[in-house]
1. What strands (runs of 3 or more DSSP E) completely inside region 59-144 contain at least 3 residues that are touching a residue at least 40 places away in the same chain (Cβ under 8 Å) and under 28 Å from Q47 (Cα atoms)?
2. Which condition number in (1) surrounded by fewer than 11 Cβ atoms within 10 Å (Cβ to Cβ); (2) modelled with pLDDT of 90 or more is the one that D71 fails?
3. Could you please find all residues in region 174-192 being free of Cβ contacts under 8 Å to residues at least 40 places away in the same chain and in a loop (DSSP other than H, G, I, E, B)?
4. Mind checking which residues of region 145-165 are assigned to a strand (DSSP E or B) and hydrophobic (A, V, I, L, M, F, W, C)?
5. Condition test on D37, is it surrounded by 14 or more Cβ atoms within 10 Å (Cβ to Cβ), within 21 Å of A162 (Cα to Cα), in contact (Cβ under 8 Å) with a residue 12 or more places away in the chain and of a type in the set (D, E)?
6. How about region 87-113: which of its residues are farther than 18 Å from E144 by Cβ and within 14 Å of the chain's Cα centre (by Cα)?
7. Filter region 107-128 for residues that are modelled with pLDDT under 95 and of a type in the set (V, I, T); which is surrounded by the fewest Cβ atoms within 10 Å (Cβ to Cβ)?
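The values are calculated or read from the model by the stated rules, or taken from the named source; none is laboratory data. Owing to the predicted nature of the structure, the values given are computational and were not obtained by experimental measurement. Note that each Cβ is placed from the backbone with ideal geometry, even for glycine, and that neighbours are counted across all protein chains shown.
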Amino acid sequence: MRAIITFSVLVMWLVAPSLYAQGDFSRETPRFYFGIDLQTNSTNFSQYETDYSDALGATIPLTINDSFSNDGEVSGLGLKFGFHFTNFFAAEIQYVKVQEVELDTGQKFNIDLMTSAFLRFDLPFRSVVPYVIAGGTYMNWRYEDPTGAGLIKIRETSFGPAFGGGVEIYGGEYTAFNINWTRYMFNPDGLNHDAISFGIVHWFEFPSLYRRF
């Protein structure tokens, strides 16, 4: 949590002086944008049913009931790229890398790959832009559980809907501080993933970097 607070204070220190000095922010044309986020993540398994193969090759059913949380510490890095079709509507893609989490009881959870595609709706106020997102996500993940009979290893691919919302606080014509929450519902009754993100968004006119407004 200290890392998130430090990062947030630093970014706000960079953008805050010009929040009220840039006049009336209003989009005139569509713009490309990219962002970099630091994340704190939490994954919850609740009666998640799957199968695994033991050392003899037999398929054995397994129910996972573990929750993996980084307790507010920075545990992931997110990258996103998007395009605004109108002042209110955009589409974006995201890539997220999350660190492995290990419980005191020895279970491990690791996300090898998580990519998402979202539609985004904005409310373009002066220098603060709240928004909501909705879309779908692909996740490739690994789970390990040491038992008296050996180490259980699960590797699966999950697809599911995702939704969330956030706010961008602009400190200039092309750079904003971003706060976002997203829920990934890979299995609504058995596997959910939550992420809180803090980062920077920069707008540009393709193919060269350019101011947003």
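1. Working: elements: 59-64, 67-69, 76-84, 89-98, 108-122.
Counting at least 3 such residues, we get 108-122.
2. (2)
3. Of everything in region 174-192, those that are free of Cβ contacts under 8 Å to residues at least 40 places away in the same chain and in a loop (DSSP other than H, G, I, E, B) turn out to be Y174, P188.
4. Filtering region 145-165 for residues assigned to a strand (DSSP E or B) gives 145-147, 150-165.
Result: L151, I152, I154, F159, A162, F163.
5. Values: surrounded by 14 or more Cβ atoms within 10 Å (Cβ to Cβ): yes; within 21 Å of A162 (Cα to Cα): yes; in contact (Cβ under 8 Å) with a residue 12 or more places away in the chain: yes; of a type in the set (D, E): yes.
The answer is yes for D37.
6. Residues of region 87-113 that are farther than 18 Å from E144 by Cβ, as a first pass: 87-97.
Once the filter is applied, which keeps residues that are farther than 18 Å from E144 by Cβ and within 14 Å of the chain's Cα centre (by Cα), region 87-113 yields E92, I93, Q94, Y95, V96, K97.
7. The residue in question is V128.
Quick grid of which residues meet (1) touching a strand residue (DSSP E or B) at 6+ places or on another chain (Cβ under 8 Å); (2) more than 23 Å from F34 (Cβ to Cβ); (3) surrounded by 18 or more Cβ atoms within 10 Å (Cβ to Cβ):
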| site | (1), (2), (3) |
| --- | --- |
| P130 | yes, no, no |
| E144 | yes, yes, no |
| T147 | no, yes, no |
| W181 | yes, no, no |
| D189 | no, yes, no |
| F198 | yes, no, yes |
| W203 | yes, no, yes |
